[in-house]
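Q: Got a structure for you, questions after.
The values are calculated or read from the model by the stated rules, or taken from the named source; none is laboratory data. Since the model is a prediction, treat every value here as computed from it, not as a measurement. Here the Cβ positions follow ideal geometry from the backbone for every residue, glycine too, while neighbour counts run over all protein chains shown. Areas reflect the complete protein model, heavy atoms only, side chains present, ligands, DNA and RNA absent. Shrake-Rupley method; radii C 1.70, N 1.55, O 1.52, S 1.80 Å.
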Amino acid sequence: MHKIDMDLVEMTLDVMKYAIDRISSSKIKIGKPKKAEELKALVGETITDKGVGGEYAFDLWKKYLSKTNVPVDHPRNLAFVPAAPTRAAVMFDLVTSASSIHGAYWMEGAGGIFCENEAMQWIVSLTGLPKGAFGVFTSGGTAANLSAMVTAREHWRENDIFKGEKGLIITSIGAHSSIKAMAKVIDVDVLLVDTEDVLHGAELKQTIQGLTDHERKRLFAVVATGGTTNAGIIDDLNTIGTICTQENLWFHVDAAYGGGALAANSVRHLFKGIEKADSITIDPHKWMFSPYDCGAVIYRNPELAKKAHSQEGSYLDIFKDEGAHGFNPTDYQIQLTRRVRGLPLWFSLAANGTDKYKEAIERGLELAQIAGRLIEENPIVELVREPSLSCVLYRRIGWEPEDYTHWTYKNHKKGFALVAPTKWRNGNTFETVSRFCFINPDTTEDDINAILKSME
Ligand SMILES: Cc1ncc(COP(=O)(O)O)c(C=O)c1O
């Protein structure tokens with residue numbers, strides 16, 4: 001396995017050819033899932049004592065398995081938060097893997113971590129946080145939110161009067177599910193302000209005033225969203241930030257999806273107040289065109305994260321020695337051993353320049369506006385709300401929830417598009433509607449028109 005022979009050389013060439021074809025392809029197909037039993041019947045036993053051979057396994061991948069994935073970078077994949085890694089970033093993902101870099105400590109990964117930090121510097125500059133603010137790349141938004149929440153909770157607990165208390169955070173129902181999920185992980189309670197629309201400082205203040213004395217004592221952080229996943233809504237970060245300062249609360253902004261739009265001049269003003277944050281989540285694997293997986297957490301005061309996350313162990317001491325001097329990403333988030341997952345982003349930023357990133361992000365915003373116009377011009381559909389960032393919610397007039405489900409499956413089965421329904425609150429009920437989320441700059445007006453036509 002670890003020796004070089006002709007078979008290995010041939011295998012390497014085959015794999016490289018596949019990668020080159022995929023990276024340079026402009027016509028990728030939307031795959032369809034199959035049940036695990038069906039896949040098993042197609043590929044048979046693959047893990048055996050003696051191995052089935054690389055060539056055979058790779059054939060199974062090409063013939064059957066790869067076809068059951070839906071590429072996130074297909075221009076008509078507008079479901080969830082899709083992605084569109086740049087070709088340069090994907091290429092460098094191969095280099096990242098081939099280089100076997102341990103990305104926890106500078107002593108082992110100096111070159112890779114240096115590159116990550118160059119890319120991080122650009123991301124931090126978009127936030128407007130003061131000098132000294134910095135961040136690290138994580139496996140995604142969930143891990144970034146968790147890392148920030150742990151830092152906030154540990155900082156709060158430094159004060160002895162809070163030591164025995166169970167923490168409490170406030171966010172809104174528009175916040176991403178990972179906030180509630182990660183609150184469970186760190187065993188803190190979450191109070192949800194009942195709005196899926198913009199959360200303002202006034203509502204936050206009212207919520208805080210409604211707390212009992214004990215709840216107020218337990219409250220240590222507020223999480224605002226910089227682009228909700230469902231509808232692209234940006235909370236009023238400025239007034240929320242002010243309240244957090246007045247109330248001495250940690251202010252976290254989850255901009256996992258929306259953070260890319262900080263680079264877009266046309267909407268940057270909507271994030272006013274983000275510079276007041278104590279921590280921010282931004283996912284380069286969403287709107288900064290990185291391959292999976294690549295999230296980021298940024299801190300106003302990284303020393304607080306270091307206090308919360310730095311791991312101790314006799315075999316780790318050397319990495320913290322003066323002689324190993326440098327930035328250790330593991331100190332600022334939950335993971336020890338880590339891939340230098342910011343490296344593909346660095347290469348792509350270096351190769352393409354930040355202007356190209358701005359243009360590609362502006363295109364996503366423009367596509368949402370185009371979709372809004374096409375929906376308004378089309379009598380069978382109507383906007384549920386104005387497009388926000390790159391999200392568009394719209395209804396097909398006369399459709400019931402199951403019509404949306406059938407339509408999604410039908411388009412997916414045909415290999416035409418993946419557009420999934422969502423729910424939007426309408427008074428006290430939740431209405432099933434259709435949702436576009438644009439990331440890929442290669443999506444066209446014709447794509448949007450064709451998708452709307454398929455609703456006729
Ligand atoms: C606002 C927001 N926060 C957090 C997440 C979770 O990110 P990840 O899936 O990278 O863990 C998402 C994912 O869509 C998101 O949109």
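Q: Of all residues in the stretch 221-248 being among the hydrophobic types (A, V, I, L, M, F, W, C) and open to solvent by 10 Å² or more (accessible area, probe 1.4 Å), which is farthest from the ligand (Cβ to nearest atom)?
A: In this case the residue turns out to be Ile243.
Q: For Asp59, state whether it is more than 25 Å from the chain's Cα centre (by Cα), modelled with pLDDT of 95 or more and of a type in the set (Asp, Glu).
A: Details: more than 25 Å from the chain's Cα centre (by Cα): yes; modelled with pLDDT of 95 or more: yes; of a type in the set (Asp, Glu): yes.
When the stated conditions are applied, Asp59 passes them.
Q: Would you check which residues across the stretch 173-195 are open to solvent by less than 30 Å² (accessible area, probe 1.4 Å) and within 15 Å of the ligand (Cβ to nearest atom) and list them?
A: Residues satisfying the conditions are Gly174, Ala175, Ser178, Ile179, Met182, Ala183.
Q: Does any residue of the stretch 145-158 turn out to be crowded, with 22+ Cβ neighbours inside 10 Å, among the β-branched types (Val, Ile, Thr) and within 15 Å of the ligand (Cβ to nearest atom)? First the steps, then the outcome.
A: Pass one, the stretch 145-158, residues crowded, with 22+ Cβ neighbours inside 10 Å: 145-149, 151-152.
Those left that are additionally among the β-branched types (Val, Ile, Thr): 151.
Within this subset, residues satisfying the condition of being within 15 Å of the ligand (Cβ to nearest atom) are none.
Within the stretch 145-158 (the criterion being crowded, with 22+ Cβ neighbours inside 10 Å, among the β-branched types (Val, Ile, Thr) and within 15 Å of the ligand (Cβ to nearest atom)), the answer is no, since none of the residues qualifies.
Q: Among the candidates Ala255, Ala308, Ala261, Ala296, single out the residue that is open to solvent by less than 10 Å² (accessible area, probe 1.4 Å) and more than 11 Å from the ligand (Cβ to nearest atom).
A: Ala261
Q: Turning to a different aspect of this structure: Condition first: open to solvent by less than 20 Å² (accessible area, probe 1.4 Å) and either among the hydroxyl-bearing types (Ser, Thr, Tyr) or within 16 Å of the ligand (Cβ to nearest atom) (or both). Can you find one or more residues in the stretch 314-325 that meet it?
A: no
Q: Turning to a different aspect of this structure: So Trp399 ticks every box in (1) under 28 Å from the mean Cα position of the chain (by Cα); (2) buried (at least 17 other Cβ atoms within 10 Å of the Cβ); (3) of a type outside the set (D, E, K, R) but one. Which box is left unticked?
A: All conditions are met except number (1).
Q: Then there's this: With farther than 23 Å from Gly295 by Cα and either of a type in the set (A, V, I, L, M) or touching a Phe, Trp or Tyr at 6+ places or on another chain (Cβ under 8 Å) (or both) as the only criterion, which of Ala83, Ala119, Ala57 stands out?
A: Ala57
Q: Return the residue satisfying two criteria in turn: it lies in the stretch 111-144 and is among the β-branched types (Val, Ile, Thr) and within 19 Å of the chain's Cα centre (by Cα), and of such residues it is most open to solvent (accessible area, probe 1.4 Å).
A: Residue satisfying both the conditions and the ranking: Thr142.
Q: Also, I was wondering about something else. Restricting the search to the stretch 421-442, which residues are among the aliphatic types (A, V, I, L, M) and under 18 Å from Gly227 (Cβ atoms)?
A: If we filter the stretch 421-442 for residues that are among the aliphatic types (A, V, I, L, M), which is where we start, we get 433, 439.
Once the filter is applied, which keeps residues that are among the aliphatic types (A, V, I, L, M) and under 18 Å from Gly227 (Cβ atoms), the stretch 421-442 yields only Ile439.
Q: Only one residue in Leu336, Leu349, Leu367 is surrounded by 24 or more Cβ atoms within 10 Å (Cβ to Cβ), closer than 23 Å to Gly141 by Cα and away from the ligand (no atom under 16 Å from the Cβ), so which one is that? Quick ask: steps written out before the conclusion?
A: Details: Leu336 fails: surrounded by 24 or more Cβ atoms within 10 Å (Cβ to Cβ); Leu367 fails: closer than 23 Å to Gly141 by Cα.
Just a single option satisfies the conditions, and that option is Leu349.
Q: Also, quick follow-up: Answer with yes or no whether Thr229 is within 16 Å of the chain's Cα centre (by Cα) and either modelled with pLDDT of 95 or more or among the aromatic types (Phe, Trp, Tyr) (or both).
A: yes
Q: Can you give me the number of residues within the stretch 41-60 that are hydroxyl-bearing (Ser, Thr, Tyr) and within 13 Å of Asp14 (Cα to Cα)?
A: Restricting attention to the stretch 41-60, the residues satisfying the condition of being hydroxyl-bearing (Ser, Thr, Tyr) are 46, 48, 56.
Imposing the further condition that a residue be within 13 Å of Asp14 (Cα to Cα) reduces the set to 56.
Here the count works out to 1.
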